[in-house]
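One structure is given below, encoded as structure tokens.
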Amino acid sequence: MRVTQGTFSFLPDLTDEQIRKQIEYSLSKGWALGVEYTDDPHPRNTYWEMWGQPMFDLRDAAGVTQEVRACREHHPECYIRINAFDSERNFETVRLSFIVQRPTIEPGFRLERTEAAGRNVRYTLHAYATDRPHGRRYGGRET
Amino acid sequence: MNDTAKVVPGPGRSRYTPGVIPYAKMGYWAPDYVPKDTDVLAVFRITPQEGVDPVEAAAAVAGESSTATWTVVWTDRLTACDAYRGKCYRIERVPGSAEQYFAYVAYDVELFEPGSIANLTASIIGNVFGFKPVKALRLEDMRLPVAYVKTFQGPATGIVVERERLDKFGRPLLGATVKPKLGLSGKNYGRVVFEALKGGLDFVKDDENINSQSFMHWRDRYLYTMEAVNSAAAHTGEVKGHYLNVTAGTMEDMYERANFARELGSCIVMIDLVIGYTAIQSMAKWARANDMILHLHRAGHSTYTRQKTHGVSFRVIGKWMRLAGVDHIHAGTVVGKLEGDPAVVAGIYDSLRETRNPENLQHGLFFQQDWAGLRKVMPVASGGIHAGQMHQLLHYLGEDVVLQFGGGTIGHPMGIQAGATANRVALEAMVLARNEGRDIWNEGPQILTAAARHCQPLRAALDTWKDVTFEYTSTDTVDFVATATAS
């Protein structure tokens with residue numbers, strides 16, 4: 001399966017050139033770029049690992065792409081996303097967030113159903129990858 | 001003492017002599033009045049009956065929407081009546097019209113109960129709309145002072161928190177309304193929800209008149225729908241939702257339905273405008289207390305918002321709903337099948353999404369409005385839109401909006417999932433191109449064609465609906481244009 005979180009997951013994986021243009025767009029808006037990675041793709045996993053802090057003072061796209069490259073080298077089998085953070089009053093939130101790397105194989109999720117009173121069902125989403133401990137979740141490779 | 005008392009004839013005395021005097025002379029016409037920052041302001045479009053002086057008609061509107069009755073009453077003098085009177089402080093002819101006038105009325109904030117749309121509207125659109133000396137009357141816009149805004153909860157969730165909960169940023173959200181709107185069983189209904197969500201939509205929606213009928217009772221719909229929502233989430237790794245309509249005959253029934261939706265883990269519930277202002281405020285309060293997004297379908301509004309001469313402009317309804325506390329509100333598509341002039345829609349969207357609106361007559365905003373930190377409402381564009389219009393939709397409506405493609409998803413020739421995928425790919429391709437600095441207004445069709453090269457469902461959608469447009473003249477338009485045209 002393909003996890004379709006993020007702004008552009010229904011498009012073919014973005015090329016480095018396309019990624020750079022999105023970073024430039026974000027910088028032109030005054031947003032701070034941040035790189036995050038995870039090996040737990042659960043949709044409620046809000047806090048991915050930060051690859052350093054959001055780059056509030058960096059205004060050069062090349063600096064961001066360099067961080068993406070470094071993160072990819074260290075975590076070749078993780079999900080990596082770029083977040084663009086807007087500190088403007090009444091936003092103060094992420095304005096753009098897109099995936100720039102995926103594991104080679106995305107095993108997806110199991111939906112666990114627990115039958116409850118009446119016809120109610122309790123649903124739990126379980127990422128197959130998280131059956132293994134951190135660091136060995138995708139293809140057993142060190143991530 | 002008595003022998004020294006004198007009766008002094010003067011304005012005070014004649015004003016309260018029993019009988020009927022013009023409203024304009026009763027203090028409701030106050031051309032010298034300078035509105036206070038704390039006043040509630042309203043602008044009405046007035047069409048006086050033939051032979052009725054527009055100033056008198058305007059004063060009558062100010063009077064009937066505040067303290068006046070048809071005749072002089074001495075009991076006014078037991079009150080600080082000057083302060084309680086609505087004051088028409090300005091009147092002007094509507095551009096291009098011989099018989100219509102804009103009347104601006106200021107109301108002291110103390111005339112209104114804090115936090116009650118019912119109280120506000122009972123005055124502003126109460127008796128006055130049936131008043132005989134005006135042939136027609138329309139409430140065009142309102143300015144709600146900060147002091148009054150702060151007495152309302154505002155949107156239960158708001159755009160920012162909604163996006164954070166859904167983990168969806170940087171693009172409009174995508175939805176669809178299940179069709180056919182009546183007749184599907186719970187199980188069949190859930191099928192449509194599952195297909196559309198798995199295919200790529202973020203939300204699916206109950207229609208306004210899906211409540212609890214013989215073909216599908218509400219509990220059945222909720223149970224099957226939540227199976228569809230959770231299953232689609234497992235297939236995609238995304239947060240998905242379905243607006244469960246909790247509209248019912250009584251408040252007790254609505255709470256029962258909303259509580260069941262919460263128990264099932266739904267992230268959003270829905271109400272119809274026809275439930276009334278107080279019920280809407282109650283549901284907003286419930287939604288805030290239960291971490292629920294509250295979607296409002298504006299069923300019924302066109303009966304009073306569409307015609308320019310009489311009723312209430314939708315921009316006012318939108319403002320009231322932001323105060324009342326809904327998170328989503330249907331607010332026009334511009335390009336779809338339903339009424340929506342681009343300038344009018346832009347003004348409405350601004351008043352829902354911005355924190356401060358400058359006066360903008362070209363967009364129908366008569367007043368500056370400060371929202372004082374009240375959260376932002378997500379507008380919803382629904383009705384006769386399809387993937388081929390994606391560049392126009394993004395251009396007109398921007399990013400913080402839910403685009404709802406009902407027929408444009410479910411009517412797709414390759415099926416519902418394909419329809420949803422076509423819309424999602426079209427949307428993401430257009431946002432990507434816009435961010436890259438492309439001129440989407442002019443290059444939109446080429447951008448879509450290029451995206452369709454890697455997406456057969458989008459190709460099929462573009463082929464099926466390429467010539468579908470709804471080009472009719474809008475009835476609700478703005479009266480002010482940016483520049484006078486030479487003629």
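Quick note: the coordinates plus some simple rules give every number you see, no bench work behind them. None of the values given here were measured: they were computed from a predicted structure. Please note: Cβ atoms are built from the backbone with ideal geometry, for glycine as well, and neighbour counts cover all protein chains shown.
Taking label points 7 Å from Cα along the Cα-to-Cβ direction, B:GLU92 and B:LEU338 give a separation of 3.2 nm. For the protein assembly as shown, the ratio of Cα radius of gyration to the globular rule of thumb 2.2 N^0.38 Å stands at 1.10.
Here r is the Cβ-Cβ distance between B:PHE215 and B:THR278 and R0 is 25 Å; the resulting FRET efficiency, rounded to 0.05, is 0.25.
Kirkwood hydrodynamic radius, computed over distinct alpha-carbon pairs, for chain B: how many Å, to one decimal? Each step should come with its number before you reach the end.
Numbers: mean 1/r = 0.0412 Å⁻¹.
One over the average 1/r among Cα pairs gives 24.3 Å for chain B.
You can think of it this way: the chain between B:VAL468 and B:ALA372 has 30.4 nm of extra reach, that is 0.36 nm per residue less the Cα-Cα gap. Relative intensity of the range B:292-382 on a log10 scale, I(q)/I(0) at q = 0.24, 0.25 Å⁻¹, equals -1.38, -1.48, per a Debye sum over C-alpha point scatterers of equal strength in the absence of solvent. Other protein chain C-beta atoms within 10 Å of residue C-beta, averaged over B:436-445: 1. Using the alpha carbons alone, the radius of gyration of the range B:73-219 stands to its Kirkwood radius in an Rg to Rh ratio of 1.14.
When N is the residue count of the range A:25-143, what does its C-alpha Rg come to as a fraction of 2.2 N^0.38 Å?
On the way: Rg = 17.4 Å, N = 119, 2.2 N^0.38 = 13.5 Å.
Computed over Cα atoms of the range A:25-143, the ratio equals 1.29.
To the nearest whole percent, what portion of all C-alpha pairs in the range B:355-418 is separated by more than 17 angstrom?
Values: 1194 of 2016 pairs.
Of all Cα-Cα distances in the range B:355-418, 59 percent exceed 17 Å.
Inside 10 Å of the C-beta atoms of B:169-178, what's the mean count of C-beta atoms belonging to other chains? What the average comes to for B:169-178 is 3.
Quantify how much of the Cα-Cα distance distribution of the range B:437-480 extends past 14 Å, in percent.
64 percent
Averaging the Cα positions of each part gives two centres, and for the range B:195-226 and the range B:453-473 these lie 26 Å apart. Excluding same-chain residues fewer than 8 positions from B:LYS198, which aspartates and glutamates have a Cα within less than 18 Å of its Cα? Counting by Cα, and skipping residues close in sequence, B:LYS198 has these aspartates and glutamates nearby: A:GLU106, A:GLU112, B:ASP167, B:ASP206, B:GLU227, B:GLU238, B:GLU428. Placing +1 on the Cβ of every Lys and Arg and -1 on the Cβ of every Asp and Glu, with no other charges, gives the range B:67-168 a dipole of roughly 220 debye about its Cα centre.
Stokes-Einstein D for the range B:391-483 at 25 °C, 0.890 mPa s, Kirkwood Rh over Cα pairs, in µm²/s?
D, rounded to a whole number, is 169 µm²/s.
Estimate the FRET efficiency between B:ALA147 and A:ARG110 by the formula 1/(1 + (r/R0)^6), using the beta-carbon distance for r and 51 Å for R0, to the nearest 0.05. After rounding to 0.05, the efficiency reads 0.40. Of B:VAL229, B:VAL239, B:VAL61, the sequence from fewest to most neighbouring Cβ atoms within 10 angstrom is B:VAL239, B:VAL229, B:VAL61.
Provide the net charge surrounding B:ALA122, with neighbours chosen by a C-beta distance below 15 Å and charges set as Lys +1, Arg +1, Asp -1, Glu -1. The partial results should precede the final answer.
Details: positive: none; negative: B:GLU64, B:GLU113.
Result for the local shell: -2.
As a calculated quantity, the FRET efficiency between A:THR15 and A:ALA70 at R0 = 25 Å, using C-beta atoms, amounts to about 0.85.
Extending 7 Å from Cα along the Cβ direction at A:ASP131 and again at B:ALA450 yields two label points whose distance is 4.2 nm. Here the simple spin-label model places points 7 Å from the Cα toward Cβ, and for B:THR38 and B:SER302 these points are separated by 4.3 nm. Using the Cβ of A:GLY63 as centre and a radius below 13 Å, the other residues enclosed give a net charge of -1, where K and R count +1 and D and E count -1. Using a cut-off of 23 Å between Cα atoms, the listed pairs B:LYS285/B:LYS376; B:LYS168/B:LYS466; B:LYS308/B:LYS376 include B:LYS168/B:LYS466; B:LYS308/B:LYS376 as exceeding that distance. What does the charge count around B:ASP202 come to, taking other residues whose C-beta lies under 15 Å from its C-beta (Lys +1, Arg +1, Asp -1, Glu -1)? Value of the local net charge: -1.
When you filter the chymotrypsin sites (Phe, Trp or Tyr not before Pro) in the range A:51-143 for DSSP loop state and at most 12 other Cβ atoms inside 10 Å of their Cβ, you are left with A:PHE56. The range B:115-159 and the range B:9-65 have Cα centres separated by 19 Å.
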